[in-house]
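Here is the structure we will look at, set down as structure tokens.
What follows is calculated from the coordinates using simple rules that are stated; it is not laboratory data. On a predicted model such as this, the values are computed, not experimentally measured, just so you know. With ideal geometry, Cβ positions are generated from the backbone for all residues, glycine too; neighbour counts draw on all protein chains shown.
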Amino acid sequence: MKREIPILLTVLCGLAITWAFFSPYGPSQAVNDELLAWGTVLFSVAFLLGIGNLVRISLKQISSGHPDRYYKALLLLMLFGYLGVGISEIHGWFGITEGDNLRRDWIYNRIFQPLQATMFSLLAFYIASAAFRAFRARSMEATLLLVAGAIVMLGQVPLGDQITGGLASRWLAFLMSYINAAGQKAIIVGAALGTLATGLRIVLGLERSYLSE
Amino acid sequence: MASATGLDRRWIFLVMGVLVVSLYVLGEAAEMPVNEYVQSYYDTIEALPEGTIVMLSADFDPASMAELLPMYQGTIHQLLRNNIRVLNVSTWPAAPPYTRAEFDRIAPQYEKVYGVDWVELGFKPGDDVAMGQIGQSVRSAYAKDDRNLKPLNELPLLNDVSAGFGGISLLITMSAGYPGILEWIAQAGGRYEVPILTGTTAVQTPDLYAYYPSQLEGFLGAATGATQYLQLVGEQTEDVHESRDRNQARMLIQSWVHIFIVLLIVVGNVLYFVGKRSAA
């Protein structure tokens, strides 16, 4: 039963969603509506599971004196601090109320936003370093990749286009609209067929890897 | 720190840093030519009749703010200026603080009323399942709005929205990755045949050419697309001028950084082949 019930549920849900896709009226849509609502509820529950797992692992590392223990402690402090402030503001606990200057917005704008933006902007420096150290014309494929990359980088910006007398943007348009689009379409169609085949196998109960089998 | 070519990578970081900072201080705005994808994005919105409802999905976070927020601002301006009603949703948890701040700033300029001219439904967890649910029925996806936590039937705008994207003429997503434009195309475009526009990060932009113009009416690709779009919106919207000029100036920084990276690739390869020949 441990195997049969999950497989049965999967098959039924899969068939119901497929049925709803091709029959946009009546009870099929009500069933679809319900299943999608369950899906988003399950997704939210997965957040809680994720938090639980994160706390468990972090506490274990803190108690065992792991070199990252201070980072883990900070992570837990921010996690529960932000959660606490947010929930307190929504419910008006401890004199913390919703207002124009929300404390959770302050934390978001002054800490989270600059940190995340900074981390992402560091990419530019690493790309520059990698361009010098790793992008090598070792083979024909690598050379094509390098040339295409250089054309895209130059064609994408006004100065690059001016330097090449307008050639870079024309080549960029050709690369993107023909070579890239053709390749992308082939990949999309291939992936869609693969998804369809996997979906069919799951709905028919043939694919059971999601049960760790 | 020293690489195979003998150059410490910190020198590269230093040159890059000096380049970015000096151009940030000294750079000046310059007009860019507008490509067909951006023009199509702009024209699609311009062609909408007054009173139309557009779903605007903010699917980004601070990491992609530099590219996507100017597009988002410009889009709100263009929509509200043309008296188009906006239903604002998000499938990324970090987006709503931005979207609220932008609507708070821009909506009063056009004397728009919350609940009538725009509604914020906020973050919906569930990635593409959430998108499917929003498409299936906005009312079953959201019990209340995100701003005032009011039931949806108390918001006049929602009276004109029905199941299966009924009443919604266009979907616009500012997409930074997964879930984003590719999932919206599958969940909304393909199923409900709702026209879609998008603004994306540079990383995601190459994926979009395969969908234009059949599944995508137009798109804004990265900072370049944002700058070109702000130029178009800025012709009729003064509030966008500062953002447009800032983006144009940033394009100069991006230009030089791109050229610097191309130079690094060339120099790196020259040194590589010279080293290889010497070793032989």
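A few points about this structure:
- Label positions at B:Lys144 and A:Leu83, each projected 7 Å from the Cα along the C-beta direction, are separated by 2.1 nm.
- Between A:Thr195 and B:Lys276, the modelled labels are 4.0 nm apart [label points 7 Å from Cα along Cα→Cβ].
- Whole-Hz Karplus values for region A:36-45 come out as 5, 5, 4, x, 6, 5, 4, 4, 5, 5 Hz, taken residue by residue from phi with 6.51 cos²θ - 1.76 cosθ + 1.60 and θ = phi - 60°; glycine and proline positions read x.
- Charge context of B:Tyr72, other residues only, Cβ under 11 angstrom, K/R +1, D/E -1: -3
- Angle of helix B:65-81 to the longest C-alpha principal axis of chain B, folded into 0 to 90 degrees and rounded to 10: 30°.
- Rounded to 10°, Cα long-axis angle of helix B:222-234 versus longest principal axis of chain B: 50
- Unit charges at the beta carbon, dipole of region B:36-242: most positive-side option, B:Ala58, B:Thr237, B:Pro151: B:Pro151
- Residues whose amide H comes within less than 5 Å of that of B:Val86, counting only those at least five positions distant or on another chain, are B:Val54, B:Trp118, B:Val119 (H built at 1.01 Å from N in the peptide plane).
- The mean count of C-beta atoms from other chains within 10 Å of the C-beta of residues in A:30-43, rounded to a whole number, is 5.
- Integer Hz, Karplus 6.51/-1.76/1.60 couplings in order for region B:170-185, x for Gly and Pro: 7, 10, 10, 10, 9, 10, 9, x, 9, x, x, 4, 5, 6, 5, 4
- Its residue count N sets the reference 2.2 N^0.38 Å, and the alpha-carbon radius of gyration of region B:36-242 equals 0.91 times that reference.
- Region B:96-108 - phi-based ³J(HN,Hα) in whole Hz, Karplus 6.51/-1.76/1.60, Gly and Pro as x: x, x, 5, 4, 5, 4, 5, 5, 4, 7, 8, 4, x
- Over all directions, the projected convex hull of the C-alpha atoms in region A:135-213 averages 8.4 nm² in area.
- Here's how it looks for B:Gly180: its modeled amide H is under 5 Å from none belonging to a residue 5 or more places away or on a different chain.
- Helical mean residue ellipticity (222 nm; -39500 (n - 2.57) per DSSP H run of 4+; nearest 500) of the protein assembly as shown: -19000 deg cm²/dmol
- Degrees between helix B:9-26 axis and first principal axis of chain B (Cα, 0 to 90, nearest 10): 60
- Summing charges over neighbours of A:Leu159, with a neighbour being any other residue whose Cβ is under 14 Å away from its Cβ, gives -2 when K and R count +1 and D and E count -1.
- Inter-chain neighbour count for B:251-259: the average number of beta-carbon atoms from partner chains within 10 Å of each residue's beta-carbon is 6.
- Cross-link partners of B:Lys144 among aspartates and glutamates (Cα-Cα below 14 Å; sequence separation of 8 or more within a chain): B:Glu120, B:Glu154
- Antiparallel DSSP beta bridges within the protein assembly as shown, percent to nearest 5: 10
- Region B:28-118: relative contact order as a whole-number percent, Cα under 8 Å and 6+ apart: 33
- Residue by residue along B:133-141, Cβ atoms of other protein chains within 10 Å of the local Cβ number 4 on average.
- Packing around the peptides B:168-175, B:156-163, B:193-200, A:21-28, taken as the average count of other Cβ atoms within 10 Å per residue, puts them in this order, highest first: B:168-175, B:193-200, B:156-163, A:21-28.
- Extended-chain gain in nm, criterion 0.36 nm per residue less alpha-carbon gap, A:Ser212 and A:His91: 39.4 nm
- Built amide H within the under 5 Å cut-off of B:Ser57, gap 5+: B:Val89, B:Ile172, B:Thr173, B:Met174
- Alpha-carbon centroid distance for the pair region B:237-280 / region A:61-125, whole angstrom: 35
- Shape class of the protein assembly as shown from the Cα gyration tensor (axes a ≥ b ≥ c, square roots of the eigenvalues): rounded, since a/c falls below 1.5.
- Computed over neighbours whose Cβ is under 15 Å from that of B:Arg139, the net charge equals -3, Lys and Arg +1, Asp and Glu -1.
- 13 Å reach of a label modelled at B:Asp104, 7 Å along Cα-to-Cβ, counting backbone N of region B:216-260: none
- Whether chain A is rounded, prolate or oblate, judged on the alpha carbon gyration tensor where a/c under 1.5 counts as rounded: oblate
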